[in-house]
Amino acid sequence: MIDQYRAVFDALPTDGVPEWLRPVRQTGLDRFMAAGFPTSRDEEWRFTPLGDMTRTPFAPAGPPRAPVSQADLEPYRFGHPEWPALVFVNGAFAPELSQTADLPEGVMATSLARALMTDPELVEPHLGKHLGADATPFAALNTAFIRDGAYVRVPAGRTLASPINLVFVTSADADGAMTHPRNLIVVEDGARLSLVESYVGLGESAASFTNTVTEVTLGQQSWLEHTRIQRESEAAYHIGFSHVHQVRESHYRSFSMSMGGRVSRHNLHTRLDAPNTEALLYGLSIGHGEQLVDNHTTIYHDKPNCRSWEVYKAILDDHSRGVFNGKVFVTPEAQQTDAKQTNRTLLLSDTARVDTKPQLEIFADDVKCTHGATVGYLDDLPHFYLRSRGIEPERATQILTYAFAAEVMDEVAVDPVRHELDQVVRTRLGIMDRI
Amino acid sequence: MLEIKNLCASIGPGEPNILKGISLTVNPGEVHAIMGPNGSGKSTLAQVLAGHPAYTVTGGEVRFEGEDLLDMEPEERALAGVFLAFQYPVEIPGITNAYFLRAAYNELRKGRGEEELDPMDFLDILEEKLKIVKWGPEMMQRAVNHGFSGGEKKRNEILQMAVLEPKLAILDETDSGLDIDALRIVADGVNALKRPDRATILVTHYQRLLNHIVPDQVHVLFDGRLVRSGGKELALELEAKGYEWLSEVAEEVVA
């Protein structure tokens, strides 16, 4: 089955592809061909049922039969119209749907394909450079297909007043189609950015395959809030890999929300590659029906005096399944590491389940590393408390479910982003009024 | 208003009764105090009246304004006008006090066939009610009881009561753990809400709350039974003699 991917690779257009990128792609393909798709025998993918997906002969997505309009995107609008936005439809940059008019001088937000043409010397030092041997076979496959995606660069010392939206749209007719968006985010020394990366599916039943990689590099004393929202069709397969490279005194905070897809998997890896670096990783998964939502995180504490803080939550209803794996690696050099990991799952039905696994590998002796995982149903007492105030049981369940989610959403630092997220979550949980 | 007849309850089927046949009548406008030592069943009685799912009623009946209270779900009891101020108010991180109060208030309005209030209109009502517990609006943006001190939690219960204006308020040891200033605020709140058509049941371990809220009747609960009833002077007698002597009285009642 994987031979079809070689055929797709061979058919990729090579015009406009810089010389240096060809071996990068080739290495990606070779790695993927050597590894093949993971199976449930692979520890990293034990709980992620990929069989149906890997047996499906996905074809590269083409343009939708009917062009996607702003009106089509309206239900998925996140944030304010004046926010800069890069929109991609079925993997291809859609400038007519994008908005990059008011970017401050020196800030770049464009498609990777364009940046490769206009500013290859800015792209080359970063693209694929930090994605190491820990990259999954899917990330290798994405590298083989590097062609388009988002490129954002905030030059040293710049702060963006409003968040930048990246929107990856799969059209309603993309059943059986695949996309491999490749994104590169460069936040230089002392620069600050709030980035919102959204994956949306316009059709409710399109069994599409999105295999995306986002590389982030953070300069000294830079600041990034990275909000990732996956709400693809509930028939879709979504595989995402985010790799973050951090140097001295940089601050990375991530909020990763997954609520779409039949099967979704997000790997978030961050490398704290200099002292006094901080990474805050928050996540919220909401599953119902037959959905499977999988989050794998890896934090590399390579250097001393770094702090990582991680809270991932899941709300699982019906027959949905959750997977969480949180790795923390502390090198012998990384003394004074402060790492805390929490995973909490709320089960709303007897048939929902979660597999959660913390994995701490600590080789330094003077560190503070903790982890904890809880799985449970809603507590009876708060439920009774709400009912004793006249609130119906179903509504009490909704409110308490929202409260469970709100506790982690509250960690989003940029107010308008948090408000928008709140709206998305409330809509999904069926709570119409503002809480 | 409230008629309790021979009420028995346990913490589950097959468990021994904690309430062993309680009978009590509360009329509109009255304040009743229920006193007794720890473990006598005071809180159980309060929670059974509010419909706490942890308890099983094993006998007797309770009528509220003629309706079968025990047949009603907790939310139906609230809409009918029964309010329990919890001994241990529950923390709900992630939900603001303002939202919680408005959601509860709007349920009452819906129950009466009135339109729900939006946050701005509700704020007008809330501002009035906040005066009763001497709070500023900043407490409304905090998560429900989350990180509140013991006294703040009890004041929050009184605030809820002020917003919901129940016909029958049951205060379950609302005075315990309060310093004298907080006690006064809570007592003033209860007194401010007193009306001829409303009634209050104070469940308390100590007499001192009754210096601030004067009861019409005092009942002594011991080992799941009401062993003595009287006027407010009974509370002073208990304060002077303690609860020890009650074991003899209880034996007399059983005999």
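Quick one: would you say B:Val144 is surrounded by 17 or more Cβ atoms within 10 Å (Cβ to Cβ), of a type in the set (A, V, I, L, M, F, W, C) and closer than 30 Å to B:Glu65 by Cα? Spelling it out, it is not the case that B:Val144 is surrounded by 17 or more Cβ atoms within 10 Å (Cβ to Cβ), of a type in the set (A, V, I, L, M, F, W, C) and closer than 30 Å to B:Glu65 by Cα. Name every residue in region B:158-176 that is within 14 Å of chain A (Cβ to nearest Cβ) and not in a helix (DSSP H, G or I), in order of residue number. Matches in region B:158-176: B:Glu165, B:Pro166, B:Lys167, B:Leu168, B:Ala169, B:Ile170, B:Leu171, B:Asp172. Test A:Asp422 against the criterion of being without any contact (Cβ under 8 Å) to a residue 40 or more places away in the chain, farther than 26 Å from B:Pro74 by Cβ and within 11 Å of chain B (Cβ to nearest Cβ), and give yes or no. For A:Asp422, the condition - without any contact (Cβ under 8 Å) to a residue 40 or more places away in the chain, farther than 26 Å from B:Pro74 by Cβ and within 11 Å of chain B (Cβ to nearest Cβ) - is met. Just to be sure before I move on: is B:Pro16 surrounded by fewer than 22 Cβ atoms within 10 Å (Cβ to Cβ) and touching a residue at least 60 places away in the same chain (Cβ under 8 Å) in the structure I sent? For B:Pro16, the condition - surrounded by fewer than 22 Cβ atoms within 10 Å (Cβ to Cβ) and touching a residue at least 60 places away in the same chain (Cβ under 8 Å) - is not met.
Any residue at all in region B:205-225 that is hydroxyl-bearing (Ser, Thr, Tyr) and modelled with pLDDT under 90? It would help to see each step written out before you state the result.
The initial filter retains those residues of region B:205-225 that are hydroxyl-bearing (Ser, Thr, Tyr), namely B:206.
With modelled with pLDDT under 90 added as a condition, the list becomes B:206.
Looking for residues that are hydroxyl-bearing (Ser, Thr, Tyr) and modelled with pLDDT under 90, one finds at least one in region B:205-225, hence yes.
Residue-wise test of (1) closer than 23 Å to A:Phe32 by Cα; (2) in the same structural domain as A:Leu268 (by TED's automatic domain parsing); (3) hydroxyl-bearing (Ser, Thr, Tyr).
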position: A:Phe88; (1), (2), (3): no, yes, no
position: A:Glu105; (1), (2), (3): no, yes, no
position: A:Met108; (1), (2), (3): no, yes, no
position: A:Asn142; (1), (2), (3): yes, yes, no
position: A:Tyr151; (1), (2), (3): no, yes, yes
position: A:Val167; (1), (2), (3): no, yes, no
position: A:Thr170; (1), (2), (3): no, yes, yes
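Look through A:Val263, A:Val244, A:Val213 and report the one residue that is touching a Phe, Trp or Tyr at 6+ places or on another chain (Cβ under 7 Å) and under 18 Å from A:Val311 (Cβ atoms).
Only one candidate qualifies: A:Val244.
On the given criteria, is A:Phe78 surrounded by 13 or more Cβ atoms within 10 Å (Cβ to Cβ), in contact with a helix residue (DSSP H, G or I) (Cβ under 7 Å, 6 or more places away or on another chain), in contact (Cβ under 8 Å) with a residue 60 or more places away in the chain and farther than 22 Å from A:Met117 by Cβ? Taking the combined requirement at face value, the residue satisfies it.
Here is a yes/no grid of residues against (1) out of contact with any Lys or Arg (no Cβ under 7 Å at 6 or more places or on another chain); (2) in a loop (DSSP other than H, G, I, E, B); (3) surrounded by fewer than 24 Cβ atoms within 10 Å (Cβ to Cβ):
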| residue | (1), (2), (3) |
| --- | --- |
| A:Leu195 | yes, no, no |
| A:Val200 | no, no, yes |
| A:Glu204 | yes, yes, yes |
| A:Gln230 | yes, no, no |
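The single condition from (1) modelled with pLDDT of 90 or more; (2) in contact with a helix residue (DSSP H, G or I) (Cβ under 7 Å, 6 or more places away or on another chain) that B:Lys131 fails is (2). Taken together, the criteria place A:Leu381 among residues that are free of Cβ contacts under 8 Å to residues at least 12 places away in the same chain, surrounded by 13 or more Cβ atoms within 10 Å (Cβ to Cβ) and within 14 Å of another protein chain (Cβ to nearest Cβ).
Among A:Ala101, A:Ala66, A:Ala71, A:Ala115, which is the only one that is closer than 17 Å to A:Leu184 by Cα and either part of a helix (DSSP H, G or I) or of a type outside the set (Ser, Thr, Tyr) (or both)?
A:Ala115
Just one residue in the set A:Thr118, A:Thr110, A:Thr159 is crowded, with 18+ Cβ neighbours inside 10 Å and on the phi < 0 side of the Ramachandran plot; that residue is A:Thr110.
This table checks each residue for (1) closer than 26 Å to A:Trp45 by Cβ; (2) surrounded by fewer than 18 Cβ atoms within 10 Å (Cβ to Cβ); (3) of a type in the set (Gly, Ala, Ser).
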| position | (1), (2), (3) |
| --- | --- |
| A:Gly289 | yes, yes, yes |
| A:Asn295 | yes, no, no |
| A:Pro304 | no, no, no |
| A:Ser308 | yes, no, yes |
| A:Lys340 | no, yes, no |
| A:Asn343 | yes, no, no |
| A:Thr351 | yes, yes, no |
| A:Val354 | yes, no, no |
| A:Thr370 | no, yes, no |
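B:Glu73 meets all of the listed conditions (1) modelled with pLDDT of 95 or more; (2) touching a Lys or Arg at 6+ places or on another chain (Cβ under 8 Å); (3) crowded, with 17+ Cβ neighbours inside 10 Å but one, namely (3).
Residues checked against (1) farther than 30 Å from A:Phe88 by Cα; (2) in contact (Cβ under 8 Å) with a residue 12 or more places away in the chain; (3) of a type in the set (A, V, I, L, M, F, W, C):
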site: A:Glu225; (1), (2), (3): no, yes, no
site: A:Ile229; (1), (2), (3): no, yes, yes
site: A:Met259; (1), (2), (3): no, yes, yes
site: A:Arg265; (1), (2), (3): no, yes, no
site: A:His288; (1), (2), (3): no, yes, no
site: A:Cys306; (1), (2), (3): yes, yes, yes
site: A:Gly322; (1), (2), (3): no, yes, no
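Each residue in region B:8-50 was checked for being away from chain A (no Cβ under 14 Å) and assigned to a loop (DSSP other than H, G, I, E, B), and 14 pass.
With respect to B:Pro53, determine if the residue is of a type outside the set (A, V, I, L, M, F, W, C), closer than 22 Å to B:Arg155 by Cβ, at the interface with chain A (Cβ under 7 Å from one of its Cβ atoms) and surrounded by fewer than 19 Cβ atoms within 10 Å (Cβ to Cβ). So B:Pro53 fails the test. Screening A:Glu361, A:Glu333 for residues that are outside the structural domain of A:Glu234 (by TED's automatic domain parsing) and under 25 Å from the mean Cα position of the chain (by Cα) leaves exactly one candidate, A:Glu361.
The values are calculated or read from the model by the stated rules, or taken from the named source; none is laboratory data. Being a predicted model, the structure only gives us computed values, none of them experimental. Don't worry about glycine lacking a Cβ; one is built from the backbone with ideal geometry, like all the others, and counts go over all protein chains shown.
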